[in-house]
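Just passing along the structure, written as structure tokens.
The values are calculated or read from the model by the stated rules, or taken from the named source; none is laboratory data. What you are looking at is a predicted structure, and each value in this text was computed from that prediction instead of being measured. A quick note on method: Cβ atoms are made from the backbone with ideal geometry, for glycine too, and the neighbour counts reach across all protein chains shown. Surface accessibility is based on the protein's heavy atoms, side chains included, excluding ligands, DNA and RNA. Shrake-Rupley method; radii C 1.70, N 1.55, O 1.52, S 1.80 Å.
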Amino acid sequence: MPHAVSLLRAARLARSAKPFLARGGFKRERCAGCRLVPSHCMCAVRPSVATRAGVCLLMADIEPLKPTNTGWLVADVVADTFAFGWARTETDPALLALLDDPQWQPYVVFPGQYAAPERVVLAVPAPGTDGSGSAKRPLFILFDATWAEARKMFRRSPYLDRLPVLSLQPERITQYRLRNSGRDDHFCTSEVAAMCMSLAGEPVAEETLDAYLAVFTHHYLHAKNQQ
């Protein structure tokens, strides 16, 4: 069954007036399940990990179309992954309903220096340890976009203003090699999701996301270089 990012990609393609051509990518037939050429397909190794935590991806307009997008990998691994296209002038009612769903405690994942200090948190409480007896599941809201786009999305999404901002304190540098931001402290979406899973007490999901990104990178680069 197609996951949330796959469905969002299909909807975005249906609205396109012309085919999307990935800059610097390969122009051959791609597998619908992993976006790689059939000779380098990795669908057979797609993992799935049961998690208490969920992920909500707010995706910039063409991000679902990019073959290097790693939100797709998050949706492969974490069953409770939701994906919505972001627009400044309108908000998907399904997104607002998700944020109000009582089973979830949403966290906007973004650097703390861009938020009011009273909103910033550095950790995720374990179930029942936040003083309220709450058993809500953490829902990590990630901006799946370039850094410039993500900052704009953070500033122009007023429906997120009531939510806590989870500011990550990474102790590693990015391993993402399919796009180059020039910064070792700019992480791809699946790396951010892995760090969130670590904070949520989901080590298997964290390790799986990291390993799956390495496999995807290996397959993608070998396909691109026809190796």
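Between 0 and 90 degrees, rounded to the nearest ten: what's the tilt of helix 4-15 against the longest Cα principal axis of the chain?
Here the helix axis deviates by roughly 60 degrees.
Sort Arg151, Arg137 by accessible area with a 1.4 Å probe, largest first.
Arg151, Arg137
What is the magnitude of the charge dipole of the chain about its Cα centre, with +1 placed on the Cβ of each Lys and Arg, -1 on the Cβ of each Asp and Glu, and no other charges, expressed in debye to the nearest 20?
1040
With a Cα-only, solvent-free Debye model of the chain, what are the log10 I(q)/I(0) values at q = 0.13 Å⁻¹?
Values, matching the q order: -0.76.
Is the shape of segment 52-162 rounded, prolate or oblate, going by the alpha carbon gyration tensor and its root eigenvalues a ≥ b ≥ c, with a/c under 1.5 for rounded and a/b larger than b/c for prolate?
prolate
Let me ask something else about it. Which is the longest part of the chain that has none of the GluC sites (Glu not before Pro) sitting in a DSSP loop with at most 14 other Cβ atoms within 10 Å?
It runs 91-170.
Continuing with this model, one more query. Which one, Ser190, Pro117, Leu65, projects farthest toward the positive side of the charge dipole computed for the chain from Cβ point charges (K/R +1, D/E -1)?
Of the listed residues, the answer is Leu65.
Now a separate question. PRE reach from Val45 (point 7 Å along Cα→Cβ): which of segment 197-227 fall under 20 Å by backbone N?
204-227
Then there's this: Return a single number: how many Lys pairs in the chain, at a sequence separation of 8 or more or on separate chains, have alpha-carbon atoms below 30 angstrom apart.
Step by step, the pairs that qualify in the chain add up to 9.
Name all residues of segment 149-165 having a backbone nitrogen under 18 Å from the label point set 7 Å from the Cα of Ala87 along its Cα→Cβ direction, giving them as ranges.
153-154, 156-160
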